[in-house]
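Inspection log for the structure reproduced underneath, given as structure tokens.
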Amino acid sequence: MQRLVSKFVDTAIIFVQYGCIAHCTLEYVADLVVCSGPSMEPTLYSNNVLLAEHISPQFDKLSRGDIIIAKCPTNANQYICKRVVGLPGDKIRTGFMSHIVPRGHVWLEGDNRGNSSDSRTYGPVPKGLIRSRAIFKIWPLADATYLKD
Amino acid sequence: MKVPNFVKSIIVGVPIGITILDTIGYVARVDGISMQPALNPDRDVTDYVFLNRWAVRSHEVTRGDIISLKSPKDPDQRIIKRIVGLEGNISCIKSNRLCNHCLNLQGDIVATIGYKTAIVRVPEGHCWVEGDHTGHSMDSNNFGPVSIGLVTAKATCIVWPPSRWQNIKSYLPKKRKPLNLTSGYFS
């Protein structure tokens, strides 16, 4: 009986250890993201799986053209996948209006400009909401590509 | 190849530590005078507060809470402020349904101090944060409503110095109450 208990405790400890290592990897290195919605067509479609890394957003190494995953500014429990169009200081023209992207913000737009709610709806997005940068499309396999601008 | 034992324990220990700091919370020093008198009431004594990450894991905050958030102007900077105004009914937005109740309950209406408009209706998914030390605080009166996604933790207690040991109570100064909650606004 005692051996059974100690074996159980050992397994639990190993589970916790691997859980923590997994948490750190998914939170600070890279994770997988499943897309949904039409806003990034034709680059990405619903149910595409992306490999996204967390390192360049942390070190503020984003550039125009990167596809990023960020928390939705209007609903913190939802994530959005958009393309960085403007960096701080850039002048963005939408229709008749023109905006200057403020410090610490980025301008995000979906590739499917006709069907995307993005910075044109809710304005520039603070960099603090950006979670990761998509680098590879890994599913569907036939269409696997390196994502660059 | 044999890995020394202490290296092995570091490899396992560091992720466990980071996970605990990430999910449960951590202790941080409060810099500056912006939250006087609630925090740092005495100029010479710096308070250390426990920032509870678990409390905001589903982005649920209430008016009067002291929270830490990423500065919208600089994502590497953390600021500590009090929540003054909220968006509409959060529980309904979470369940992704719109009922009549929340259609009536749009965001709070806040009377600003020195913002570009005199009153602001807090937009969806945002909150209005202010420091208690009016006029000496870089807050929503300067940069406008902030997205709730920027909130990183809730300050729940002061842990240092010992003379200041206490839980932080959720409290909203009467004169900073959102206009839609003060009696007589709609009459």
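The values are calculated or read from the model by the stated rules, or taken from the named source; none is laboratory data. Remember, it's a predicted structure, so these values are computed and weren't measured experimentally. Here the Cβ is made from the backbone with ideal geometry for all residues, glycine too, and neighbour counts use every protein chain on show.
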| field | Extreme residue, modelled with the highest pLDDT, among residues of segment B:46-63 that are surrounded by 17 or more Cβ atoms within 10 Å (Cβ to Cβ) and part of a loop (DSSP other than H, G, I, E, B) | value | B:Arg53
| query | Any chance segment A:107-120 includes a residue that's at the interface with another protein chain (Cβ under 10 Å from one of its Cβ atoms) and either farther than 20 Å from A:Glu41 by Cα or touching a residue at least 24 places away in the same chain (Cβ under 8 Å) (or both)? | reply | no
| message | Just to confirm my filter: which strands (runs of 3 or more DSSP E) fall fully inside segment A:20-107 and include at least 2 residues that are among the basic types (Lys, Arg), at pLDDT 90 or above and under 23 Å from B:Ile148 (Cα atoms)? | response | A:75-86
| message | Take B:Arg43 and tell me if it is buried (at least 17 other Cβ atoms within 10 Å of the Cβ) and modelled with pLDDT under 90. | response | no
| Is at least one residue of segment A:79-94 polar (S, T, N, Q), within 23 Å of A:Thr145 (Cα to Cα) and more than 13 Å from the chain's Cα centre (by Cα)? | no
| query | Out of segment B:111-170, which residues are within 14 Å of chain A (Cβ to nearest Cβ), assigned to a loop (DSSP other than H, G, I, E, B) and in contact with a strand residue (DSSP E or B) (Cβ under 6 Å, 6 or more places away or on another chain)? | reply | B:Val122, B:Gly125, B:Pro145
| field | Extreme residue, nearest to A:Asp31 (Cα to Cα), among residues of segment A:114-149 that are part of a loop (DSSP other than H, G, I, E, B) and of a type in the set (D, E, K, R) | value | A:Lys148
| task | Check whether at least one residue in segment B:74-90 is under 30 Å from A:Val101 (Cβ atoms), without any contact (Cβ under 8 Å) to a residue 40 or more places away in the chain, part of a helix (DSSP H, G or I) and within 13 Å of chain A (Cβ to nearest Cβ), and report yes or no. | result | yes
| Given (1) within 26 Å of A:Val125 (Cα to Cα); (2) within 14 Å of another protein chain (Cβ to nearest Cβ), number of the condition B:Asp65 does not satisfy | (2)
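Residue by residue, here is whether (1) within 20 Å of A:Phe136 (Cα to Cα); (2) within 14 Å of chain B (Cβ to nearest Cβ); (3) buried (at least 16 other Cβ atoms within 10 Å of the Cβ); (4) of a type outside the set (S, T, N, Q) holds:
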residue: A:Val5; (1), (2), (3), (4): no, no, no, yes
residue: A:Val9; (1), (2), (3), (4): no, no, no, yes
residue: A:Phe15; (1), (2), (3), (4): no, yes, no, yes
residue: A:Ile21; (1), (2), (3), (4): no, yes, yes, yes
residue: A:Met40; (1), (2), (3), (4): yes, no, yes, yes
residue: A:Leu44; (1), (2), (3), (4): yes, no, yes, yes
residue: A:Ala70; (1), (2), (3), (4): yes, yes, yes, yes
residue: A:Lys91; (1), (2), (3), (4): no, no, no, yes
residue: A:Phe96; (1), (2), (3), (4): no, no, no, yes
